[in-house]
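What follows draws every value from the coordinates through simple rules; no lab data is involved. All of these numbers come straight from a predicted model, not from anything done at the bench. Methodologically, a virtual Cβ is constructed for each residue, glycine included, from the backbone with ideal geometry; neighbour enumeration extends over all protein chains shown.
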Amino acid sequence: MFTLAHMSDIHLCPLPAPTTVELLSKRTLGYLSWKWNRESRHQRKALDNLVSDLKKRAHDHISITGDLINLSLPKEFSEARSWLNGLGRPQDVSVVPGNHDAYVKIPNEVGMGQWAPYMASNLLGLKYAKGLSLQFPYVRVMDKIAIVGLSTACPTPWFIHAGKLGTEQVDALEKMLSRLKADGLFRVILIHHPPLLLPKRKQLQLGLRDVLPLRKVIEKEGAELVLHGHHHANVKSTIPSTYGPVPVIGVPSASIGSHPKNPHSRYNLYKIDQVRGRWRCELTARGKSPDSSKIQEIEKIKIIGG
Ligand SMILES: [Fe+2]
Ligand SMILES: [Fe+2]
């Protein structure tokens, strides 16, 4: 039995005060949006309570699907690195970035480079990343579980929250999924922007630009589970594939306090095991239900197997 925890859209707060120079960019818009809207939604206490509950539950690994920060300020990247250090060791936590982690372009060493140990293949995974020179996808193999991390994070124009993988990453993913399947591993894909088909206007504004090539790869090579964030919602979908339907599951933001439009902060625990060659996977969601102030189990469902 392997237990994988999934949290997303940390939107770490409080937001460090940006300098005037740092605001001379798309950050102006993000800062106003933070002050007018998001600051009241994202609460550090909600995040801390969730993490404290997770630490009390048995788990083998934690996955985080992006938007760790808000405006891509250098100070936010270093604060998020400290937060990650408090959550677990790099080998125990896998991270993929989201659009807020690439809000504007900044040098790697003061930006996402600080999270690099949490976004790299492990020794067992290197076999499957052989010949693939990109940072993403990375792959981590633990027991019979393979975690494949993708990056959809790229700076976008004002008012656009979309993501993009790029042809090289999609091609590398195809090879990786095929190699992992050949060795009979349970393949979990981590991605911030979900591989979902949205209405055209929404797709352009906040969707994944290359959703169709990605879906084609998943349809051909299959995967056992796709975990995503971005929508700050409890989302469950499937993608048909050669090997059967692939569950695609999004978790609400980990730091949302009480808000009428967004579900309260939540994380999911996936219990994965194999019986007589068949995979089984059960999801337990933990968070605050509307009628209680305590974090508790709010959903338990079989994702794969009876
Ligand atoms: Fe987000
Ligand atoms: Fe996002």
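Just to be sure I follow the definition: excluding the sites themselves, where is the longest run in the chain that has none of the chymotrypsin sites (Phe, Trp or Tyr not before Pro) in a DSSP loop with at most 10 other Cβ atoms within 10 Å?
On the way: sites that count: TRP158, PHE159.
Segment 1-157 is the longest.
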Reachable aspartates and glutamates, given that their alpha-carbon falls under 16 Å from the alpha-carbon of LYS202 and they are not under 8 places away in the same chain: ASP210
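Taking region 29-60, which trypsin sites (Lys or Arg not before Pro) meet the DSSP loop condition and have no more than 14 other C-beta atoms within 10 Å? The partial results should precede the final answer.
Numbers: sites: LYS35, ARG38, ARG41, ARG44, LYS45, LYS55, LYS56, ARG57; in loops: ARG57.
The qualifying sites are ARG57.
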Options GLN43, LEU84, PRO14, ranked by Cα towards positive dipole end of the chain, top entry (Cβ charges): GLN43
Crossing angle, helix 211-221 versus the chain [Cα axis fit, 0-90 degrees, rounded to tens]: 20 degrees
The chain: angle of helix 44-56 to the longest principal axis, Cα-based, in degrees nearest 10: 30 degrees
In Hz, Karplus ³J(HN,Hα) per residue of region 145-157 (6.51, -1.76, 1.60; θ = phi - 60°; x = Gly, Pro): 9, 10, 9, 10, x, 10, 10, 10, 7, 7, x, 10, x
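If you take the Cα Rg of the chain and divide it by 2.2 N^0.38 Å, with N the number of residues, what do you get? Before the final figure, lay out the partial values.
Working: Rg = 18.2 Å, N = 306, 2.2 N^0.38 = 19.4 Å.
The chain yields a ratio of 0.94.
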Net dipole in debye of the chain [+1 Lys, Arg Cβ; -1 Asp, Glu Cβ; about Cα centre; nearest 20]: 500 debye
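Does region 184-239 classify as rounded, prolate or oblate by the C-alpha gyration tensor (a ≥ b ≥ c root eigenvalues; a/c under 1.5 gives rounded; else a/b over b/c gives prolate, otherwise oblate)? Display every interim value, and only then the final one.
Details: a/c = 2.44, a/b = 1.51, b/c = 1.62.
Oblate is the answer for region 184-239, as a/c is 1.5 or above yet b/c matches or exceeds a/b.
What does the extension gain come out to for LYS300 and VAL235, with contour length at 0.36 nm per residue minus their alpha carbon separation?
Numbers: separation 65, 0.36 × 65 = 23.40 nm, distance 1.43 nm.
Difference between extended and current length: 22.0 nm.
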Antiparallel %, DSSP beta bridges [both residues in the chain], to 5: 60 percent
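Set the bar at 22 Å for Cα to Cα. Now go through LYS56/LYS271; LYS236/LYS271; LYS26/LYS216; LYS181/LYS216; LYS271/LYS300; LYS56/LYS288 and name every pair that lies beyond it. It would help to have the intermediate numbers written out before the result.
Working: LYS56/LYS271 16 Å; LYS236/LYS271 17 Å; LYS26/LYS216 33 Å; LYS181/LYS216 16 Å; LYS271/LYS300 11 Å; LYS56/LYS288 16 Å.
Long pairs (Cα-Cα over 22 Å): LYS26/LYS216.
For SER52 and SER292 in one chain, what is 0.36 nm times their gap in residues minus the Cα-Cα distance, to one decimal in nm?
Working: separation 240, 0.36 × 240 = 86.40 nm, distance 1.71 nm.
Contour length minus Cα-Cα distance gives 84.7 nm.
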Interchain or long-range residues, amide H under 5 Å from HIS232's placed H: SER253
